[in-house]
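Have a look at the structure below, then the notes.
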Amino acid sequence: MSNVTGLSCIHCGKHYTVDEVDYYCPDCGYEDGILDVEYDYEAAAKEMNPAALRQSRAFSMWRYLPLLPVEDPARIQHLQVGWTPVYDAVRLAADLGVARLFVKDEGRNPTASFKDRASAMGVVKALEKGADSITCASTGNAASSLAGFAAAAGLPATIFVPERAPQAKVAQLLVFGARVFAVKGTYDQAWELCMEAAAEFGWYNRNCAINPYLIEGKKTVSVELVDQLIHQYNGEMPDWVVVSVGDGCTVGGVWKGLVEMYKLGFLPRLPKVLGVQAAGCQPFLTAWKNNTPLQPTDADTLADSIAVGHPRNFRKGMKAIVESGGAFISVTDEEILDSIRTLARKAAVFGEPAGVAGVAGVRNAVKQGVIAANETVALLITGNGLKDIQSAIKAAGAPTYIEPELTAVKAALAGCGK
């Protein structure tokens, strides 16, 4: 049995048992009625404490089962999710102008993105509920992640992606055997179509914005970050945790994980959260800066994973920044491309555009005085650069083509001044 005590609507506050609702508050609807999973933290603390984690040999996200809504651990698939590396990136810290920088490389997960944490949880819940198929809409990473975990479970998956999704991500879906619909429109249109199809055909809905259990998987990234900093870096905790923002689910999950680790006594204080958006798609930043309701926008950015003009988990995303005393910041596509190079050359981590947006976000935050030069930062790199090779090539440039002769090498070196 899990330590879950129920679900609550973050809009109206109404409480539900886990058997009463599947996705969202019926009174508020899926736009406003996002549910939060509640736990008995006193019971969780008896199972998950510093001594227990020191002794645990479960080096994956399932190490944190006392804080997860899993009723039947036998439903967990064999793929190892989590326990991704945290690097003390000294050269990158100096380049960005901060005292210390921890880089957590989520591209090391099974399908090469942070979204594996959510999909692993989604497939477990689908199996627990007896679902015979599962679906989601995605700009790419959540889709490829779901396809992989559904394949591991033998669960048919139907995926909706916008037609502009990077081919590397679409290839993953097809290789894993998912049924893929490339929608001639935006991510937001693909999302709406997926919602309609899920209701029509009875598919289990993995869409993180309306399925409360998916954020529970996502929160393990910050739970794990704190755990790793305690055991690998003498417990030095960040002043800021930085993550790119699309739908709001990821930053909402990151904040929930931090709050829970604080409640359980692992964190002496809560860090601030910096949410990074693309300049061509910044509905969170606009609403936060102007203190206005969400206004959906166009999505004009090469960072496909955060190209979300109508965030479906706006409330949890905004809550993370406001409650933490943090900030939203924007970065241009040019700054994102520069960050692909910078992260790789200063920290040897290859990230996709949305994954590296936080690098540019930290640089801009330091320039604007949001992050101080004497502060420690933890940066989440949410996806591997191989997910979007075209952007990587655009960032890095082309090789030098030569004839197979030493004289050609010498000529080329002379030409570049070496």
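The numbers here are math on the coordinates, done by the rules we state, and not lab data. Everything quoted here is computed from the prediction, not taken from an experiment. FYI the Cβ positions are ideal-geometry reconstructions off the backbone, even for glycines, and counts take in every protein chain you see.
The table below lists the values:
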quantity: Computed [θ] at 222 nm, helices only, for the chain once each DSSP H run of length n ≥ 4 contributes -39500 (n - 2.57); calculated: -12500 deg cm²/dmol
quantity: At 0.890 mPa s and 25 °C, Stokes D of the stretch 1-41 from Kirkwood alpha-carbon radius, µm² per second; calculated: 241 µm²/s
quantity: Tail weight of P(r) past 28 Å, computed on alpha-carbon pairs of the stretch 280-418, percent; calculated: 32 percent
quantity: Along principal axes, Cα extents of the stretch 167-209, largest first, whole Å; calculated: 28, 21, 18
quantity: The stretch 108-184: radius of gyration and largest Cα-Cα distance (Dmax), Å; calculated: 11.3, 34
quantity: Cα-centre dipole for the chain with unit charges at Cβ (Lys and Arg positive, Asp and Glu negative), debye to 20; calculated: 1140 debye
quantity: Overall dimensions of the stretch 299-357 as given by Cα atoms, namely Rg and Dmax in Å; calculated: 13.4, 36
quantity: Selection from HIS11, VAL86, LEU65, by position along the positive dipole direction of the stretch 3-112 (Cβ); calculated: VAL86
quantity: From phi via Karplus (6.51, -1.76, 1.60), per-residue ³J(HN,Hα) for the stretch 211-224 in Hz, x at Gly/Pro; calculated: 9, x, 7, 5, 5, 5, x, 5, 5, 5, 5, 7, 4, 5
quantity: For the stretch 200-292, alpha-carbon Rg relative to the globular expectation (2.2 N^0.38 Å, N residues); calculated: 1.26
quantity: Spherically averaged projected area in nm², based on the convex hull that wraps the Cα atoms of the stretch 142-255; calculated: 8.5 nm²
quantity: Alpha carbon Rg of the chain, scaled by the compact-globule rule 2.2 N^0.38 Å; calculated: 0.97
quantity: Whole-number Å³ per residue for the convex hull built on Cα positions in the stretch 1-141; calculated: 186 Å³
quantity: Peptides 285-298, 218-231, 245-258 ordered by average Cβ neighbours within 10 Å, highest first; calculated: 245-258, 218-231, 285-298
quantity: Protection-proxy order for peptides 203-211, 191-199, each taking the mean of Cβ atoms within 10 Å per residue, highest first; calculated: 203-211, 191-199
quantity: The stretch 94-159: trypsin sites (Lys or Arg not before Pro) falling in loop per DSSP and having at most 14 other Cβ within 10 Å; calculated: LYS129
quantity: Reachable aspartates and glutamates, given that their alpha-carbon falls under 12 Å from the alpha-carbon of LYS125 and they are not under 8 places away in the same chain; calculated: ASP22, GLU71, ASP72, GLU216
quantity: Protection proxy ranking, peptides 41-50, 373-382, 270-279, average beta carbon neighbours within 10 Å, highest first; calculated: 270-279, 373-382, 41-50
quantity: Between the stretch 51-124 and the stretch 224-290, the Cα center-to-center distance that results, in Å; calculated: 14 Å
quantity: Long-range amide H partners of THR5 with built H, under 5 Å; calculated: GLU38, TYR39, ASP40
quantity: Kirkwood Rh (inverse of mean 1/r, distinct Cα pairs), the stretch 343-418, angstrom; calculated: 15.3 Å
